[in-house]
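Structure first, then comments.
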Amino acid sequence: MGAGAGGSASVAELVQAGHDVRFWARSARTLEPHVALGGVAYDGKLGEGIARPSLITSDIEAAIADADAAVVVLPTFSHAAIADALSQAGWPSDRPVILNPGHTGGALEFAATFARSGRAAP
């Protein structure tokens with residue numbers, strides 16, 4: 001989750017590692033270059049190429065459907081909004097949410113946000 005430098009790098013690395021990756025960002029406009037390319041271009045330690053996630057979307061429900069984990073690669077100030085979006089979309093408490101960067105309080109922010117919505121935190 002997240003289409004900045006960290007999120008894009010995560011997509012490239014996770015796709016290369018053989019994972020089913022769904023690339024999500026809040027803004028469809030942010031994703032437009034990736035949609036046009038069909039993935040995330042990379043050039044560096046992993047080599048050079050285009051990592052092709054199975055889905056590139058701003059639809060959170062589509063992005064999380066049957067996902068094993070959510071990898072949130074966004075700054076701390078966005079954790080509450082992302083936690084709320086995941087909670088509203090029905091993210092189950094038995095699947096992990098990985099915060100990168102995790103920063104102090106990120107997990108607490110998720111727990112509090114899920115609790116406010118009446119749902120158990122992941």
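Structure notes:
- Dividing the summed -39500 (n - 2.57) terms of all DSSP H runs of n ≥ 4 by the residue count of the chain sets its mean residue ellipticity at 222 nm at -11500 deg cm²/dmol.
- Taking θ as phi - 60° and the Karplus parameters 6.51, -1.76 and 1.60, the scalar couplings of region 3-16 work out to 10, x, 4, x, x, 5, 5, 5, 4, 4, 5, 5, 5, 4 Hz in sequence order, x denoting glycine and proline.
- Furthest towards positive pole of dipole, 106, 73, 14, structure part the chain, Cβ charges: 106
- Size of charge dipole - the chain - debye, nearest 20, with Cβ of Lys, Arg +1 and Asp, Glu -1, no other charges: 220 debye
- Counting only alpha carbon atoms, the long axis of helix 28-37 and the longest principal axis of the chain meet at about 30°.
- Phi angles of region 108-122 translate, via the Karplus equation with coefficients 6.51, -1.76, 1.60 and θ = phi - 60°, into HN-Hα couplings of 5, 4, 4, 4, 5, 5, 5, 4, 4, 8, x, 10, 6, 6, x Hz per residue; Gly and Pro are given as x.
- The chain - share of DSSP beta bridges that are antiparallel (%, nearest 5): 45 percent
- Among beta bridges identified by DSSP and lying wholly in region 1-58, the antiparallel ones come to about 60 percent.
- The charge dipole of region 1-58, taken about its Cα centre with unit charges on the Cβ of Lys, Arg, Asp and Glu (plus for the first two, minus for the last two), comes to roughly 180 debye.
- Anisotropy class of region 1-58 from Cα gyration tensor, a/c 1.5 cut: prolate
- Convex hull volume per residue in cubic angstrom - Cα atoms of the chain: 96 Å³
Laboratory data are not the source of any read-out in this text; all were calculated from the coordinates shown. This is a predicted model, so every value here is computed, not measured. Don't worry about glycine lacking a Cβ; one is built from the backbone with ideal geometry, like all the others, and counts go over all protein chains shown.
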